[in-house]
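The values are calculated or read from the model by the stated rules, or taken from the named source; none is laboratory data. From a predicted model like this one, the values you see are computed outputs, not experimental measurements. Counting neighbours? That spans all protein chains shown, and the Cβs are built from the backbone with ideal geometry, glycine included.
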Amino acid sequence: MAEQFRPPVVTILGHVDHGKTTLLDFIRKSSVAVKEHGGITQHIGAYQVLHDNKLITFIDTPGHAAFEKMRSRGANVADIAVLVVAIDDGIMPQTDEAIKHIQNAGGAYGTKVPLIVAVNKIDLPGIDKNVALLKIKKQLADRKINPEEYGGDVPVIPLSAKTGEGVEKLLEMILLVAEMNELKGDPSLPAAGVVIEATLDKFKGSVATILVKNGTLKKGDQIMVGGVKGKIRGMFDYNHKPLESAGPSTPVEVLGLEGVPAVGAVLGELPEIKKAEAVQSLVDKLKQGDTKTLKVVIKADKQGSLEAIEESLGKFNEEQKVVDFVLSATGDIGEENIKLAATVGAIVIGFNVKVATNAQKLAENEHVLIRTYNIIYELLDDVEEVVNTLLEVGQLEEVLGKANIIAEFPHGKTEKIAGCRMTEGTIAKGQKIRIVREGVVVGEVKLKSLKKVKEEVNKVEKGNDCGMLFDPPVDFAIGDTVESFRVI
Ligand code: GDP
């Protein structure tokens, strides 16, 4: 099945008391789709309405915190943002905050989210509407949000969420913007989606509202979302009507997860287009680099995943060869993979696979870096970071341990001992060590002495306190971080 039009997913933002909830309620209550199903029986954090025979999905969780959470996961949930501004108040602090969110939405991955401004409460008496509207448009223009009347591309719709005047115009505009943005989905793909709400119910167990962004989610599917797995035992729409399957832009309540996933957790792979955008931004960065390559061994659960990863990472190579695929194969990470990686100096990336115990041990001995993922975006993010480091620094490092310097003691005439608390990994004699102050390296040293209480030791682990004597004797300060690292 090919791509086809999918309903726009709309989120409503704005200052407190400007009427977000009232607007969402008005749209829901006046919706044909809702009336046909006998009204809302349960709130699931999103709903759909039918306008002009076309569906619109509204995210019914106003509040910037949730939006921000989703955004920070790279999950660009909304296709269109509606910014509500009360006509009597104009732009207020949280309106500005919302504008910032909207302008950043999509973050590293997406494009700007199209915006529609709804100027609410036009029913209020004693307000000169024209003057107030003009003032708000000017305020918007000052923030680089250019209303259509000013030659910009942002529609401004005056309305009243209380009387409903103008609400139809808003719905029409949403559909128009959706059409212009050619929102597409492919129901034949496996589901990709985002968790918009999740709780633990006393009787039902884990209850998650997932917005299917692309593909189709089916009852009985085995899913993995934000590290939580499960089999879909039950699936319901926003009217709590049982569903067998849900296609692109459908919000569904899902039962059967083994835990409660985080808001913003991603199910499956996000739509291809987003992936392409993510990769594009990496390619742009790489264009400025020189000819270093990152050798990788990739292991994934399925041929399909492998192809998607290779394709994504392969885009790095358009301008120059940056990522060198030494091996890509399905199955868990085994000893032979580590041997290969050690021989050629590659890192090992696993997607939805396990690392065999003997392979883990061998990797530690051979100093081979293994990273495993079950979210493609995290994989891409990490590879971006690694590739960028490679291009900037010319080498890759792995931090092996970290400690905070919490005290200092004089030692001999000129030296001083750093009293440290280990916070991560291990630090051992013989490793490369550096002292970091507010993100800046103040010195690279070796350990001349390492003591746990009074006893000289070779290594210390997370949770231990210890005393370190550095060579050369750098002038460290309390609050600095000690890091041990190795060059890969
Ligand atoms: P939110 O904090 O943005 O969700 O705002 P609410 O929807 O809770 O609305 C805040 C207050 O404004 C409530 O008392 C609403 O009844 C009122 N309100 C919302 N929309 C309108 C409107 O269009 N006209 C008038 N007169 N009052 C409204």
- Here the residues within segment 318-355 that are modelled with pLDDT under 80 and crowded, with 21+ Cβ neighbours inside 10 Å are V322
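Looking only at residues that are of a type in the set (F, W, Y) and touching a residue at least 24 places away in the same chain (Cβ under 8 Å) in segment 188-242, which one is surrounded by the fewest Cβ atoms within 10 Å (Cβ to Cβ)?
Once the filter is applied, the top-ranked residue is F236.
Looking at this structure, is I157 under 30 Å from K135 (Cβ atoms), among the aliphatic types (A, V, I, L, M) and not in a strand (DSSP E or B)?
Values: under 30 Å from K135 (Cβ atoms): yes; among the aliphatic types (A, V, I, L, M): yes; not in a strand (DSSP E or B): no.
Here the answer is no, as I157 does not meet what is asked.
Any residue at all in segment 127-143 that is part of a helix (DSSP H, G or I), touching a helix residue (DSSP H, G or I) at 6+ places or on another chain (Cβ under 6 Å) and surrounded by 14 or more Cβ atoms within 10 Å (Cβ to Cβ)? Even if it seems obvious, please write down each step before you answer.
Here is the first cut: in segment 127-143, the residues part of a helix (DSSP H, G or I) are 129-142.
Those still in the list that are touching a helix residue (DSSP H, G or I) at 6+ places or on another chain (Cβ under 6 Å) too: 141.
So of that shortlist, the ones also surrounded by 14 or more Cβ atoms within 10 Å (Cβ to Cβ) come out as 141.
The answer is yes; a qualifying residue exists.
Those residues that are under 16 Å from A81 (Cα atoms) and either within 16 Å of the ligand (Cβ to nearest atom) or touching a residue at least 40 places away in the same chain (Cβ under 8 Å) (or both), I need them from segment 160-178; list them, please. Don't jump to the end; show me each part of the working.
Of all residues in segment 160-178, those under 16 Å from A81 (Cα atoms) come to 167, 169-178.
Once the filter is applied, which keeps residues that are under 16 Å from A81 (Cα atoms) and either within 16 Å of the ligand (Cβ to nearest atom) or touching a residue at least 40 places away in the same chain (Cβ under 8 Å) (or both), segment 160-178 yields V167, K169, L170, L171, E172, M173, I174, L175, V177, A178.
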- Message: Tell me yes or no: at least one residue of segment 303-317 is in a helix (DSSP H, G or I), at pLDDT 85 or above and of a type in the set (D, E, K, R).
- Response: no
- Name the residues in segment 21-42 that are at pLDDT below 90, under 22 Å from G247 (Cβ atoms) and within 16 Å of the ligand (Cβ to nearest atom), would you? R28
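Considering only segment 453-488, state which residues are among the hydrophobic types (A, V, I, L, M, F, W, C) and part of a loop (DSSP other than H, G, I, E, B). If you could, list the steps in order and put the result at the bottom.
Initial filter on segment 453-488 (among the hydrophobic types (A, V, I, L, M, F, W, C)): 453, 457, 460, 466, 468-470, 474, 476-478, 482, 485, 487-488.
Selection gives V453, V457, V474, F476, A477, I478, I488.
Could you please let me know if V393 is under 30 Å from S312 (Cβ atoms), hydrophobic (A, V, I, L, M, F, W, C), modelled with pLDDT under 80 and loosely packed, with under 15 Cβ neighbours inside 10 Å? Spell out how you get there, then give the answer.
Details: under 30 Å from S312 (Cβ atoms): yes; hydrophobic (A, V, I, L, M, F, W, C): yes; modelled with pLDDT under 80: yes; loosely packed, with under 15 Cβ neighbours inside 10 Å: yes.
Yes; evaluated as a whole, the condition is true for this residue.
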- Scan (1) under 23 Å from K20 (Cβ atoms); (2) part of a loop (DSSP other than H, G, I, E, B) for the single condition L176 breaks and write down its number. (2)
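Residue check: is E424 within 40 Å of the chain's Cα centre (by Cα), surrounded by 15 or more Cβ atoms within 10 Å (Cβ to Cβ) and among the acidic types (D, E)?
Spelling it out, E424 is indeed within 40 Å of the chain's Cα centre (by Cα), surrounded by 15 or more Cβ atoms within 10 Å (Cβ to Cβ) and among the acidic types (D, E).
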- Message: Any residue at all in segment 85-97 that's outside any loop (DSSP other than H, G, I, E, B) and either within 30 Å of V383 (Cα to Cα) or modelled with pLDDT of 95 or more (or both)?
- Response: yes
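Starting from residues that are in contact with a Gly (Cβ under 9 Å, 6 or more places away or on another chain) and at pLDDT 90 or above, keep the ones in segment 437-451 and report whichever is nearest to P472 (Cα to Cα). Reasoning before the result, please.
Of the residues in segment 437-451, the ones in contact with a Gly (Cβ under 9 Å, 6 or more places away or on another chain) are 437-438, 446-447, 449-451.
If we keep only those that are at pLDDT 90 or above as well, we get 446-447, 449-451.
Working: K446: 7, L447: 9, S449: 12, L450: 14, K451: 17 Å.
Looking at the filtered set, the residue picked out is K446.
Kindly indicate whether I232 is closer than 26 Å to V353 by Cβ and over 23 Å from the mean Cα position of the chain (by Cα). I'd like the intermediate steps shown before the answer.
Working: closer than 26 Å to V353 by Cβ: yes; over 23 Å from the mean Cα position of the chain (by Cα): yes.
In short, yes.
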- Among the strands (runs of 3 or more DSSP E) confined wholly to segment 333-442, which include 2 or more residues that are assigned by TED's automatic domain parsing to the domain that holds V453 and among the polar types (S, T, N, Q)? 415-428
- Pairs, please: C-beta under 8 Å, at least 6 apart or cross-chain, first residue under 19 Å from A98 (Cα atoms) and in the same structural domain as I87 (by TED's automatic domain parsing) and in segment 113-130, second assigned to a strand (DSSP E or B) and away from the ligand (no atom under 16 Å from the Cβ)? V113/I80; P114/I80; L115/I80; L115/V154; I116/I80; I116/V154; V117/P147; V117/V154
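Collect the residues in segment 209-253 that are of a type in the set (S, T, N, Q) and part of a strand (DSSP E or B), keeping them in residue-number order. Don't jump to the end; show me each part of the working.
The initial filter retains those residues of segment 209-253 that are of a type in the set (S, T, N, Q), namely 209, 214, 216, 222, 239, 245, 249-250.
Within segment 209-253, T209, N214, T216, Q222, S245, T250 qualify.
Look through H18, H64 and report the one residue that is at pLDDT 85 or above, within 16 Å of the ligand (Cβ to nearest atom) and in contact with an Asp or Glu (Cβ under 7 Å, 6 or more places away or on another chain). First the steps, then the outcome.
Working: H64 fails: at pLDDT 85 or above.
Step by step, each of H18, H64 is checked, and only H18 is at pLDDT 85 or above, within 16 Å of the ligand (Cβ to nearest atom) and in contact with an Asp or Glu (Cβ under 7 Å, 6 or more places away or on another chain).
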